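Notes to accompany the following structure.
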Amino acid sequence: MRTALDRTPTLRARVFTDDEQAYCDRRKDPTERYAARFAAKEAVMKAMGVGVGACRWRDIEVAKARSGAPAVRLHGGAQALADGLGIRGWRLTLTHTHRIAEAIAVAL
């Protein structure tokens, strides 16, 4: 992710919502948070059974639930896909280090 963000400065705005960028950029090393959110967006698409390009990246947003746990917020095309599939909720977990990021998304 670090290399991708360095090579393509417009990647942040194309993939991440303004709130996601604000959250990540407040951290000492925002790259770890960006990588985890990217993994989460991909996991959400896979949970819906669609591939990259089925909706805009920014239509899938990683937010925080009131409990502090990671949460999925869908917008636009991603919300339409989820509605069409009867998805009414999400469970999301994220993990990352300075070298790797992983996410698991479960559609309910």
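The values are calculated or read from the model by the stated rules, or taken from the named source; none is laboratory data. Given the structure is predicted, the values throughout are model-derived calculations rather than measurements. Cβ: placed from backbone, ideal geometry, glycine included. Neighbour counts: every protein chain shown. Side chains are part of the model used for accessible areas, which takes the heavy atoms of the whole protein and leaves out ligands, DNA and RNA. Shrake-Rupley method; radii C 1.70, N 1.55, O 1.52, S 1.80 Å.
Quick notes on this one:
- Test for VAL106: is it in a loop (DSSP other than H, G, I, E, B) and within 23 Å of GLU32 (Cβ to Cβ): no
- Annotation: of all residues in the stretch 1-16 being out of contact with any helix residue (DSSP H, G or I) (no Cβ under 8 Å at 6 or more places or on another chain) and farther than 12 Å from THR31 by Cα, the one that is most open to solvent (accessible area, probe 1.4 Å) is ARG7.
- Pair list, Cβ < 9 Å and 6+ apart or interchain, from the stretch 1-17 residues that are more than 11 Å from TRP57 (Cβ to Cβ) and in contact (Cβ under 8 Å) with a residue 12 or more places away in the chain to residues that are in a helix (DSSP H, G or I) and among the polar types (S, T, N, Q): MET1/THR31; ARG2/THR31; LEU5/THR31
- Residues of the stretch 17-34 satisfying the condition of being modelled with pLDDT under 95 and open to solvent by 60 Å² or more (accessible area, probe 1.4 Å): ARG27, LYS28
- Looking across ARG56, ARG37, one residue alone is surrounded by 18 or more Cβ atoms within 10 Å (Cβ to Cβ), at pLDDT 95 or above and among the charged types (D, E, K, R). It is ARG37.
- Among the residues making up the stretch 75-96, a single one is among the polar types (S, T, N, Q) and under 17 Å from ASP59 (Cα atoms): GLN79.
- Residue in the stretch 56-67 that is over 17 Å from ILE104 (Cβ atoms), touching a Gly at 6+ places or on another chain (Cβ under 7 Å) and among the acidic types (Asp, Glu) present: yes
- Considering the conditions (1) open to solvent by 30 Å² or more (accessible area, probe 1.4 Å); (2) over 22 Å from HIS96 (Cα atoms); (3) assigned to a helix (DSSP H, G or I); (4) of a type in the set (A, V, I, L, M, F, W, C), VAL50 is excluded by exactly one of them, (3).
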